[in-house]
Amino acid sequence: MEEDWIRIGSVRSVNPARRQLRVTPESGCVAAFEGMESVRAVSCDGQMVRWRVAAVDVASSGVILELAPGVTRDSVAGMKGAAIVLTREEWHARSGGVYVVTDLVGMAVVDTEGGRVGVVLDAFTTPAHDIVEVERQGGGRLFLPVVDEVVVQVDLGKGVLVVGEIAPYAVYDED
């Protein structure tokens with residue numbers, strides 16, 4: 001069974017002598033590292049490992065994960081550039097209700113008065129912000145940035161994305 005992995009950080013550097021990984025967290029993912037007891041890393045060559053964590057140091061410069069005794073120094077040395085990942089279930093348990101943009105796919109999109117705008121077909125991340133592709137109620141598609149000016153509320157339980165004034169922000173695709 002293929003897991004649905006969420007990348008929460010990248011290993012910036014390693015200190016094999018101390019069994020430490022210095023991680024640059026993805027935007028909005030710092031809290032997922034706090035109190036971490038185990039870490040799953042995917043190396044650049046696709047090898048996945050899971051190790052026990054002895055200590056976590058969250059600082060402004062990133063996160064330092066000190067791995068538990070028993071992890072070989074050679075295996076730590078090979079993790080520079082690795083991705084730190086969680087399963088979707090682990091992410092939801094650790095993030096305190098924070099969602100990832102792909103959680104929005106399939107949600108109904110409504111305006112603040114409850115009028116149906118459409119359904120989220122796809123969601124993706126850009127360097128500036130997340131974007132959702134919406135199939136419009138009357139046909140056609142539009143792209144909306146997932147920013148406070150557009151997205152008023154996300155109700156994961158009900159599967160509803162409430163949007164405010166979209167006209168200044170929407171990009172329409174009528175094809």
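Filter the range 125-169 for residues that are touching a Lys or Arg at 6+ places or on another chain (Cβ under 8 Å) and assigned to a strand (DSSP E or B); which is farthest from A108 (Cα to Cα)? My answer is L142.
Considering only the range 16-27, I want to know if a residue exists there that is among the aliphatic types (A, V, I, L, M), surrounded by fewer than 18 Cβ atoms within 10 Å (Cβ to Cβ) and touching a residue at least 60 places away in the same chain (Cβ under 8 Å).
If we filter the range 16-27 for residues that are among the aliphatic types (A, V, I, L, M), which is where we start, we get 17, 21, 23.
Still in the running and surrounded by fewer than 18 Cβ atoms within 10 Å (Cβ to Cβ): 17.
After this cut, where a residue has to be touching a residue at least 60 places away in the same chain (Cβ under 8 Å) as well, the list is none.
No - not one qualifying residue is present in the range 16-27.
Scanning the range 126-139 for residues that are more than 21 Å from the chain's Cα centre (by Cα) and either at pLDDT 90 or above or among the basic types (K, R) (or both) turns up E135, R136.
Cβ separations smaller than 6 Å between residues 6+ apart or across chains give the following pairs from the range 126-139 residues that are surrounded by 10 or more Cβ atoms within 10 Å (Cβ to Cβ) to residues that are part of a loop (DSSP other than H, G, I, E, B): H129/V147.
Scanning the range 65-88 for residues that are of a type in the set (A, V, I, L, M), over 13 Å from R52 (Cα atoms) and in a strand (DSSP E or B) gives A83, I84, V85, L86. Does the range 78-96 contain any residue that is over 23 Å from C29 (Cα atoms), at pLDDT 90 or above and either among the small types (G, A, S) or surrounded by 15 or more Cβ atoms within 10 Å (Cβ to Cβ) (or both)? Yes: the range 78-96 contains one or more residues that are over 23 Å from C29 (Cα atoms), at pLDDT 90 or above and either among the small types (G, A, S) or surrounded by 15 or more Cβ atoms within 10 Å (Cβ to Cβ) (or both).
For the structure I just gave you, tell me whether W51 is buried (at least 18 other Cβ atoms within 10 Å of the Cβ), modelled with pLDDT of 90 or more, at negative phi and aromatic (F, W, Y).
Values: buried (at least 18 other Cβ atoms within 10 Å of the Cβ): yes; modelled with pLDDT of 90 or more: yes; at negative phi: yes; aromatic (F, W, Y): yes.
Against the criterion (buried (at least 18 other Cβ atoms within 10 Å of the Cβ), modelled with pLDDT of 90 or more, at negative phi and aromatic (F, W, Y)), W51 qualifies.
Filtering G157, G106 for residues that are over 17 Å from the mean Cα position of the chain (by Cα) and free of Cβ contacts under 8 Å to residues at least 12 places away in the same chain leaves a single hit, G157.
For the range 31-64, how many residues meet the condition of being of a type in the set (F, W, Y) and either part of a strand (DSSP E or B) or not assigned by TED's automatic domain parsing to the domain that holds R94 (or both)?
Applying the first criterion (of a type in the set (F, W, Y)) to the range 31-64 yields 33, 51.
Keeping just the survivors that are either part of a strand (DSSP E or B) or not assigned by TED's automatic domain parsing to the domain that holds R94 (or both) gives 51.
Residues in the range 31-64 being of a type in the set (F, W, Y) and either part of a strand (DSSP E or B) or not assigned by TED's automatic domain parsing to the domain that holds R94 (or both): 1 in total.
The values are calculated or read from the model by the stated rules, or taken from the named source; none is laboratory data. Quick caveat: nothing in here was measured; it's all calculated off a predicted structure. Virtual Cβ from ideal backbone geometry, glycine too; neighbours counted across all protein chains shown.
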